[in-house]
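First the structure, in the form of C-alpha coordinates, and then the observations on it.
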Amino acid sequence: MRARLRDALLGLEPAAAALLGTSVARVLARAWRRRGCVVLCYHAVREPGPYDDPSVVVPPGRFADQVRFLVERCEVVGLDRVLEPDSRRPRVAITFDDGYRDLLDHALPVLARHGAPSAVFCVSDVVEGRRALWTDALAAAIDRAPAGAYELPGLGPVEVGDAPSRVAAFQRARAVCGAAEEPVAASEGVLSSLPAAAPPADLYLHSDDLPEAEALGAEIGSHARTHARLSALDRDALAGELRHSHDVLGRSGRAVRAVAYPYGDAGSVTTAVVDAAREVGYQLGFTGRAGLASPAADPLAVPRVAIRCRDGSRAFRGKAAGAQPAVYARAARAVAS
(Lines give C-alpha, C1' and ligand atoms only; values in the text may rest on other atoms or scores of the structure.)
Protein backbone atom coordinates (compact mmCIF):
# COMPACT_ATOMS: atom_id res chain seq x y z
CA MET A 1 0.00 0.00 0.00
CA ARG A 2 2.79 2.40 0.91
CA ALA A 3 4.59 1.63 -2.33
CA ARG A 4 1.45 2.45 -4.33
CA LEU A 5 0.96 5.70 -2.42
CA ARG A 6 4.59 6.64 -2.95
CA ASP A 7 4.29 5.96 -6.69
CA ALA A 8 1.09 7.99 -6.83
CA LEU A 9 2.80 10.96 -5.19
CA LEU A 10 5.72 10.81 -7.58
CA GLY A 11 3.26 10.46 -10.43
CA LEU A 12 1.99 13.94 -9.62
CA GLU A 13 5.34 15.41 -10.63
CA PRO A 14 4.41 16.48 -14.18
CA ALA A 15 1.24 18.26 -13.03
CA ALA A 16 3.03 19.86 -10.10
CA ALA A 17 5.87 21.02 -12.34
CA ALA A 18 3.38 22.63 -14.71
CA LEU A 19 1.50 24.34 -11.86
CA LEU A 20 4.68 25.66 -10.27
CA GLY A 21 5.86 26.89 -13.64
CA THR A 22 3.24 29.63 -13.76
CA SER A 23 4.37 33.22 -13.33
CA VAL A 24 2.50 33.63 -10.03
CA ALA A 25 4.09 30.52 -8.57
CA ARG A 26 7.55 31.66 -9.64
CA VAL A 27 7.09 34.99 -7.88
CA LEU A 28 5.93 33.25 -4.70
CA ALA A 29 8.86 30.83 -4.86
CA ARG A 30 11.55 33.45 -5.43
CA ALA A 31 12.26 34.32 -1.81
CA TRP A 32 12.23 30.65 -0.80
CA ARG A 33 14.60 29.80 -3.66
CA ARG A 34 17.25 32.22 -2.39
CA ARG A 35 17.90 29.85 0.50
CA GLY A 36 19.47 27.27 -1.77
CA CYS A 37 20.42 26.18 -5.27
CA VAL A 38 18.64 24.02 -7.83
CA VAL A 39 21.10 21.55 -9.35
CA LEU A 40 19.73 20.43 -12.71
CA CYS A 41 20.66 16.97 -13.99
CA TYR A 42 20.85 16.36 -17.75
CA HIS A 43 22.22 13.40 -19.66
CA ALA A 44 22.30 13.43 -23.48
CA VAL A 45 21.46 16.54 -25.50
CA ARG A 46 20.53 15.34 -28.99
CA GLU A 47 17.52 14.44 -31.08
CA PRO A 48 16.03 11.28 -29.49
CA GLY A 49 16.50 8.03 -31.38
CA PRO A 50 14.41 4.83 -31.25
CA TYR A 51 16.52 3.29 -28.47
CA ASP A 52 16.79 6.42 -26.35
CA ASP A 53 15.12 6.61 -22.96
CA PRO A 54 13.06 9.82 -23.10
CA SER A 55 13.89 10.44 -19.46
CA VAL A 56 17.54 11.08 -20.31
CA VAL A 57 17.53 12.83 -23.71
CA VAL A 58 16.74 16.49 -24.38
CA PRO A 59 16.60 17.90 -27.96
CA PRO A 60 19.18 20.63 -28.68
CA GLY A 61 16.61 23.30 -29.50
CA ARG A 62 14.75 22.76 -26.27
CA PHE A 63 18.00 22.80 -24.32
CA ALA A 64 18.95 26.14 -25.88
CA ASP A 65 15.56 27.59 -24.89
CA GLN A 66 16.01 26.30 -21.34
CA VAL A 67 19.45 27.87 -21.03
CA ARG A 68 18.12 31.23 -22.24
CA PHE A 69 15.43 31.10 -19.57
CA LEU A 70 17.95 30.24 -16.87
CA VAL A 71 20.45 32.98 -17.68
CA GLU A 72 17.66 35.56 -17.84
CA ARG A 73 15.93 34.59 -14.58
CA CYS A 74 18.68 33.00 -12.45
CA GLU A 75 22.36 33.05 -11.68
CA VAL A 76 23.98 29.98 -13.23
CA VAL A 77 26.80 28.91 -10.93
CA GLY A 78 29.56 26.33 -10.81
CA LEU A 79 29.84 23.51 -8.31
CA ASP A 80 31.86 25.68 -5.92
CA ARG A 81 28.78 27.82 -5.25
CA VAL A 82 26.09 25.15 -4.97
CA LEU A 83 26.12 25.12 -1.16
CA GLU A 84 26.63 28.84 -0.55
CA PRO A 85 24.31 30.65 1.90
CA ASP A 86 21.46 32.90 0.78
CA SER A 87 22.01 34.89 -2.41
CA ARG A 88 20.32 37.87 -4.01
CA ARG A 89 19.23 35.93 -7.09
CA PRO A 90 17.97 32.34 -7.45
CA ARG A 91 20.92 30.06 -8.21
CA VAL A 92 21.00 27.15 -10.64
CA ALA A 93 23.81 24.70 -11.41
CA ILE A 94 23.82 22.63 -14.61
CA THR A 95 25.21 19.09 -14.56
CA PHE A 96 25.42 16.29 -17.12
CA ASP A 97 25.74 12.58 -16.33
CA ASP A 98 27.33 9.82 -18.47
CA GLY A 99 29.68 11.94 -20.59
CA TYR A 100 28.10 11.73 -24.04
CA ARG A 101 30.13 13.39 -26.78
CA ASP A 102 27.10 15.23 -28.15
CA LEU A 103 27.65 17.70 -25.32
CA LEU A 104 30.51 19.17 -27.36
CA ASP A 105 28.18 19.71 -30.30
CA HIS A 106 24.89 20.77 -28.75
CA ALA A 107 25.19 21.74 -25.08
CA LEU A 108 28.53 23.10 -23.93
CA PRO A 109 28.89 25.65 -26.78
CA VAL A 110 25.45 27.06 -25.90
CA LEU A 111 26.48 27.43 -22.27
CA ALA A 112 29.82 28.96 -23.25
CA ARG A 113 28.10 31.64 -25.35
CA HIS A 114 26.19 32.68 -22.23
CA GLY A 115 29.24 32.42 -19.97
CA ALA A 116 27.47 29.72 -17.96
CA PRO A 117 29.53 27.04 -16.17
CA SER A 118 28.56 23.38 -15.95
CA ALA A 119 29.81 20.00 -14.73
CA VAL A 120 30.15 16.79 -16.71
CA PHE A 121 30.30 13.49 -14.79
CA CYS A 122 32.16 10.77 -16.70
CA VAL A 123 32.48 7.00 -16.31
CA SER A 124 36.22 6.35 -16.27
CA ASP A 125 36.15 3.00 -18.12
CA VAL A 126 34.07 4.68 -20.84
CA VAL A 127 36.44 7.65 -21.08
CA GLU A 128 39.33 5.22 -21.52
CA GLY A 129 37.44 3.29 -24.22
CA ARG A 130 37.29 0.10 -22.16
CA ARG A 131 33.51 -0.27 -22.26
CA ALA A 132 30.23 1.32 -23.31
CA LEU A 133 27.43 2.17 -20.92
CA TRP A 134 25.37 -0.98 -20.47
CA THR A 135 22.21 0.53 -21.97
CA ASP A 136 24.06 1.53 -25.13
CA ALA A 137 25.76 -1.88 -25.33
CA LEU A 138 22.37 -3.60 -25.17
CA ALA A 139 20.93 -1.28 -27.82
CA ALA A 140 23.82 -1.98 -30.22
CA ALA A 141 23.67 -5.75 -29.70
CA ILE A 142 19.90 -6.02 -30.17
CA ASP A 143 19.86 -3.62 -33.12
CA ARG A 144 22.49 -5.64 -35.03
CA ALA A 145 21.56 -9.18 -34.02
CA PRO A 146 20.50 -11.43 -36.91
CA ALA A 147 16.73 -11.88 -37.01
CA GLY A 148 15.50 -14.79 -34.96
CA ALA A 149 14.74 -16.02 -31.45
CA TYR A 150 17.16 -15.63 -28.55
CA GLU A 151 17.03 -17.06 -25.04
CA LEU A 152 18.20 -14.20 -22.86
CA PRO A 153 18.99 -14.53 -19.13
CA GLY A 154 16.25 -12.96 -17.06
CA LEU A 155 14.05 -12.36 -20.11
CA GLY A 156 13.42 -15.81 -21.56
CA PRO A 157 12.73 -16.17 -25.30
CA VAL A 158 12.97 -12.91 -27.25
CA GLU A 159 12.18 -12.48 -30.97
CA VAL A 160 13.98 -9.82 -32.98
CA GLY A 161 13.19 -9.04 -36.58
CA ASP A 162 11.76 -5.72 -37.75
CA ALA A 163 12.63 -2.39 -36.11
CA PRO A 164 9.64 -2.29 -33.70
CA SER A 165 10.42 -5.79 -32.39
CA ARG A 166 14.02 -4.79 -31.75
CA VAL A 167 13.05 -1.65 -29.88
CA ALA A 168 10.54 -3.66 -27.82
CA ALA A 169 13.20 -6.27 -27.02
CA PHE A 170 15.63 -3.56 -25.95
CA GLN A 171 13.05 -1.91 -23.74
CA ARG A 172 12.38 -5.24 -22.03
CA ALA A 173 16.08 -5.87 -21.54
CA ARG A 174 16.67 -2.36 -20.20
CA ALA A 175 13.81 -2.69 -17.72
CA VAL A 176 14.92 -6.11 -16.47
CA CYS A 177 18.58 -5.15 -16.11
CA GLY A 178 17.76 -1.78 -14.60
CA ALA A 179 15.67 -3.45 -11.90
CA ALA A 180 18.43 -5.95 -11.07
CA GLU A 181 20.50 -5.61 -7.94
CA GLU A 182 23.49 -4.63 -10.09
CA PRO A 183 22.52 -3.58 -13.64
CA VAL A 184 25.99 -3.80 -15.21
CA ALA A 185 26.37 -7.44 -14.15
CA ALA A 186 22.82 -8.25 -15.29
CA SER A 187 23.41 -6.66 -18.69
CA GLU A 188 26.62 -8.63 -19.15
CA GLY A 189 24.61 -11.82 -18.76
CA VAL A 190 22.21 -10.71 -21.49
CA LEU A 191 25.03 -9.56 -23.78
CA SER A 192 26.74 -12.93 -23.47
CA SER A 193 23.75 -14.49 -25.25
CA LEU A 194 23.84 -12.04 -28.19
CA PRO A 195 26.34 -11.57 -31.01
CA ALA A 196 29.00 -9.00 -30.12
CA ALA A 197 28.33 -5.45 -31.31
CA ALA A 198 29.70 -2.09 -30.24
CA PRO A 199 28.06 1.34 -30.13
CA PRO A 200 29.55 4.08 -32.33
CA ALA A 201 33.12 4.95 -31.33
CA ASP A 202 32.27 8.66 -31.11
CA LEU A 203 29.31 8.22 -28.76
CA TYR A 204 31.20 9.33 -25.65
CA LEU A 205 33.74 11.84 -24.48
CA HIS A 206 37.17 10.23 -24.36
CA SER A 207 40.29 11.39 -22.56
CA ASP A 208 41.41 13.62 -25.44
CA ASP A 209 38.02 15.38 -25.48
CA LEU A 210 38.02 16.45 -21.84
CA PRO A 211 40.25 19.53 -22.28
CA GLU A 212 37.86 20.83 -24.96
CA ALA A 213 34.92 20.36 -22.59
CA GLU A 214 36.82 22.22 -19.88
CA ALA A 215 37.63 25.05 -22.29
CA LEU A 216 33.86 25.42 -22.80
CA GLY A 217 33.34 25.92 -19.06
CA ALA A 218 32.69 22.36 -17.87
CA GLU A 219 34.17 20.93 -14.70
CA ILE A 220 34.93 17.21 -15.06
CA GLY A 221 33.64 14.95 -12.30
CA SER A 222 33.33 11.23 -11.63
CA HIS A 223 30.40 8.96 -12.44
CA ALA A 224 32.25 5.90 -11.06
CA ARG A 225 34.27 3.37 -13.03
CA THR A 226 31.63 1.20 -14.75
CA HIS A 227 28.27 2.84 -13.84
CA ALA A 228 27.60 0.01 -11.38
CA ARG A 229 24.97 0.35 -8.66
CA LEU A 230 27.42 1.19 -5.91
CA SER A 231 25.21 0.00 -3.06
CA ALA A 232 25.30 -3.55 -4.48
CA LEU A 233 29.10 -3.79 -4.26
CA ASP A 234 31.19 -5.06 -1.38
CA ARG A 235 33.49 -2.65 0.42
CA ASP A 236 36.57 -3.27 -1.73
CA ALA A 237 34.70 -3.14 -5.04
CA LEU A 238 32.90 0.05 -3.96
CA ALA A 239 36.17 1.75 -3.06
CA GLY A 240 37.67 0.56 -6.35
CA GLU A 241 34.82 2.00 -8.43
CA LEU A 242 35.15 5.41 -6.81
CA ARG A 243 38.94 5.57 -6.56
CA HIS A 244 39.63 4.34 -10.11
CA SER A 245 37.39 7.02 -11.61
CA HIS A 246 38.89 9.71 -9.34
CA ASP A 247 42.45 8.75 -10.28
CA VAL A 248 41.93 8.15 -14.02
CA LEU A 249 40.08 11.41 -14.60
CA GLY A 250 42.70 13.27 -12.56
CA ARG A 251 45.78 11.92 -14.37
CA SER A 252 46.47 15.16 -16.23
CA GLY A 253 46.57 17.11 -12.98
CA ARG A 254 42.84 17.78 -13.07
CA ALA A 255 41.25 18.25 -9.65
CA VAL A 256 38.38 15.76 -9.57
CA ARG A 257 36.46 16.95 -6.53
CA ALA A 258 32.91 15.82 -7.31
CA VAL A 259 31.11 12.54 -7.95
CA ALA A 260 27.59 11.90 -9.26
CA TYR A 261 26.44 8.51 -7.98
CA PRO A 262 25.06 6.25 -10.75
CA TYR A 263 21.25 5.84 -10.60
CA GLY A 264 21.19 8.23 -7.65
CA ASP A 265 18.06 6.95 -5.89
CA ALA A 266 17.90 6.26 -2.16
CA GLY A 267 18.50 2.55 -2.65
CA SER A 268 21.64 3.22 -4.71
CA VAL A 269 23.13 5.97 -2.53
CA THR A 270 23.42 4.51 0.95
CA THR A 271 25.38 5.77 3.93
CA ALA A 272 28.14 3.30 3.03
CA VAL A 273 28.37 4.74 -0.49
CA VAL A 274 28.56 8.32 0.77
CA ASP A 275 31.19 7.37 3.37
CA ALA A 276 33.26 5.61 0.70
CA ALA A 277 33.19 8.72 -1.52
CA ARG A 278 34.34 10.82 1.41
CA GLU A 279 37.20 8.41 2.13
CA VAL A 280 38.42 8.57 -1.48
CA GLY A 281 38.62 12.34 -1.18
CA TYR A 282 35.62 13.67 -3.05
CA GLN A 283 34.41 17.00 -1.71
CA LEU A 284 30.96 16.94 -3.32
CA GLY A 285 28.60 14.07 -4.10
CA PHE A 286 25.41 14.38 -6.14
CA THR A 287 22.40 12.11 -5.89
CA GLY A 288 19.24 11.71 -7.96
CA ARG A 289 16.99 12.56 -5.04
CA ALA A 290 14.89 15.57 -5.94
CA GLY A 291 15.23 18.66 -3.81
CA LEU A 292 16.88 22.01 -3.24
CA ALA A 293 20.60 22.03 -2.39
CA SER A 294 21.11 24.05 0.78
CA PRO A 295 24.11 24.95 2.96
CA ALA A 296 22.76 22.56 5.60
CA ALA A 297 23.04 19.56 3.25
CA ASP A 298 25.75 16.93 3.53
CA PRO A 299 28.13 18.01 0.73
CA LEU A 300 28.51 14.32 -0.22
CA ALA A 301 24.73 13.85 -0.64
CA VAL A 302 23.49 16.86 -2.61
CA PRO A 303 20.06 16.50 -4.30
CA ARG A 304 19.42 17.30 -7.95
CA VAL A 305 16.44 17.84 -10.24
CA ALA A 306 16.21 15.62 -13.34
CA ILE A 307 15.35 17.28 -16.67
CA ARG A 308 13.55 14.99 -19.11
CA CYS A 309 12.63 14.99 -22.77
CA ARG A 310 8.94 15.31 -21.98
CA ASP A 311 9.37 18.50 -19.93
CA GLY A 312 7.64 21.34 -21.72
CA SER A 313 8.47 24.99 -21.07
CA ARG A 314 6.08 25.33 -18.13
CA ALA A 315 7.20 22.07 -16.55
CA PHE A 316 10.81 23.16 -16.91
CA ARG A 317 10.10 26.48 -15.23
CA GLY A 318 8.44 24.57 -12.41
CA LYS A 319 11.50 22.42 -11.93
CA ALA A 320 13.80 25.43 -12.09
CA ALA A 321 11.70 27.01 -9.33
CA GLY A 322 12.86 24.19 -7.09
CA ALA A 323 9.83 23.79 -4.85
CA GLN A 324 7.97 20.98 -6.61
CA PRO A 325 10.63 18.26 -6.52
CA ALA A 326 11.41 18.77 -2.84
CA VAL A 327 7.76 18.64 -1.79
CA TYR A 328 6.81 15.50 -3.69
CA ALA A 329 10.03 13.59 -3.08
CA ARG A 330 9.81 14.30 0.66
CA ALA A 331 6.21 13.09 0.77
CA ALA A 332 7.14 9.94 -1.15
CA ARG A 333 10.01 9.20 1.22
CA ALA A 334 7.74 9.73 4.23
CA VAL A 335 5.16 7.17 3.16
CA ALA A 336 7.88 4.68 2.18
CA SER A 337 9.56 4.79 5.61
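The values are calculated or read from the model by the stated rules, or taken from the named source; none is laboratory data. None of these values were measured; they are calculated from a predicted model. Don't worry about glycine lacking a Cβ; one is built from the backbone with ideal geometry, like all the others, and counts go over all protein chains shown.
How about segment 111-125: which of its residues are in contact with a Lys or Arg (Cβ under 9 Å, 6 or more places away or on another chain) and either at pLDDT below 95 or surrounded by 22 or more Cβ atoms within 10 Å (Cβ to Cβ) (or both)?
Listed by number, the residues that qualify are 123, 124.
Being of a type outside the set (A, V, I, L, M, F, W, C) and closer than 20 Å to residue 182 by Cα is the filter; apply it to segment 134-169 and report the residue that is surrounded by the fewest Cβ atoms within 10 Å (Cβ to Cβ).
Once the filter is applied, the top-ranked residue is 156.
Answer yes or no as to whether residue 304 is under 20 Å from the mean Cα position of the chain (by Cα) and basic (Lys, Arg).
It is true that residue 304 is under 20 Å from the mean Cα position of the chain (by Cα) and basic (Lys, Arg).
Give me the pairs, please: first residue somewhere in segment 281-308 and more than 20 Å from residue 239 (Cα to Cα) and at pLDDT 90 or above, second residue anywhere and assigned to a strand (DSSP E or B) and among the polar types (S, T, N, Q), beta-carbon distance under 9 Å, and either six or more positions apart or on two chains.
That search, which allows pairs on different chains as well, returns 304/95.
Just checking, how many residues over segment 156-199 are closer than 27 Å to residue 231 by Cα, of a type in the set (Gly, Ala, Ser) and either part of a helix (DSSP H, G or I) or in contact with a strand residue (DSSP E or B) (Cβ under 8 Å, 6 or more places away or on another chain) (or both)?
Looking only at that region, the number is 8.
Of all residues being among the hydrophobic types (A, V, I, L, M, F, W, C) and under 16 Å from residue 93 (Cα atoms) in segment 271-288, which is surrounded by the most Cβ atoms within 10 Å (Cβ to Cβ)? Just the residue, please.
Across segment 271-288, the extreme among qualifying residues is 286.
For segment 144-155, indicate whether the set of residues that are acidic (Asp, Glu), in a strand (DSSP E or B) and under 21 Å from residue 45 (Cα atoms) is non-empty. Steps first, please.
Applying the first criterion (acidic (Asp, Glu)) to segment 144-155 yields 151.
After this cut, where a residue has to be in a strand (DSSP E or B) as well, the list is 151.
Going one step further and asking which of them are under 21 Å from residue 45 (Cα atoms), we end up with none.
No, that holds for no residue.
Can you name the number of the only condition in (1) modelled with pLDDT under 95; (2) small (Gly, Ala, Ser); (3) over 25 Å from residue 284 (Cβ atoms) that residue 87 fails?
With respect to (1) modelled with pLDDT under 95; (2) small (Gly, Ala, Ser); (3) over 25 Å from residue 284 (Cβ atoms), residue 87 is out only on (3).
For residue 227, all conditions in the list (1) assigned to a loop (DSSP other than H, G, I, E, B); (2) of a type outside the set (A, V, I, L, M, F, W, C); (3) surrounded by fewer than 17 Cβ atoms within 10 Å (Cβ to Cβ) hold save one; what is the number of the exception?
It fails just one condition, (3).
Can you spot a residue in segment 248-256 that is in a helix (DSSP H, G or I) and on the phi < 0 side of the Ramachandran plot?
Yes, segment 248-256 contains at least one residue that is in a helix (DSSP H, G or I) and on the phi < 0 side of the Ramachandran plot.
Would you call residue 65 charged (D, E, K, R), assigned to a loop (DSSP other than H, G, I, E, B) and in contact with a Ser or Thr (Cβ under 8 Å, 6 or more places away or on another chain)? Walk me through it before giving the result.
Details: charged (D, E, K, R): yes; assigned to a loop (DSSP other than H, G, I, E, B): no; in contact with a Ser or Thr (Cβ under 8 Å, 6 or more places away or on another chain): yes.
In short, no.
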